[in-house]
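The structure under discussion appears below in the form of structure tokens.
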Amino acid sequence: MLGACGFKLRGSAEELRSAFSNLINNAVRYTPAGGDIRLSWKQDGDNPVFAVTDSGEGIAPQHLPHLTERFYRIDTARSRDTGGTGLGLSIVKHILLRHDARLGIDSELGNGSTFRCIFPAA
């Protein structure tokens, strides 16, 4: 079990830490200096939700359905500049699936992104 802000999750602490750190590292990578990154735990109905919200450049709507595909890149030139393998969000998705959870993504070009790990009710 992993406890956070009063929430208890049943699962692999190591895997969940990997998923959360992947989302945080992406926010740091794609948010310009002086931008904001917020981490939060909240209850959405009966579901615990971990969220990473950034004030980065955001993601165009046509890319959102593909973000968790292995090796998917929005912009290969930008990916070369910032590093990464194109596997991060795919790994996050698979870790969450193993924990009966899902990844929610909200983004608007020019207005940042929010990545949510939505866990089942206890």
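Derivation of every value follows stated rules applied to the coordinates shown; laboratory data play no part. Quick caveat: nothing in here was measured; it's all calculated off a predicted structure. With ideal geometry, Cβ positions are generated from the backbone for all residues, glycine too; neighbour counts draw on all protein chains shown.
Full extension from Glu69 to Ser21: what is 0.36 nm times the residue separation minus their Cα-Cα distance, to one decimal in nm?
15.4 nm
Within 10 Å, count the other beta carbons around each residue, average over each peptide in 40-47, 26-33, and list them highest first.
Averaged packing, sorted descending, gives the order 26-33, 40-47.
Over segment 15-69, what is the mean sequence separation of C-alpha contacts under 8 Å (at least six apart), divided by residue count, expressed as relative contact order in percent?
Relative contact order for segment 15-69 comes out at 30 percent.
Could you tell me the extents of segment 15-63's C-alpha atoms along the three principal axes, largest first, rounded to whole Å?
Largest first, segment 15-63 extends 34, 24, 21 Å along its Cα principal axes.
Output ³J(HN,Hα) for segment 35-42: one whole-Hz value per residue in order, computed from phi by the Karplus curve 6.51 cos²θ - 1.76 cosθ + 1.60 with θ = phi - 60°, and x for Gly and Pro.
Per residue, the Karplus-derived 3J(HN,Hα) values read x, 10, 10, 10, 10, 8, 10, 8 Hz.
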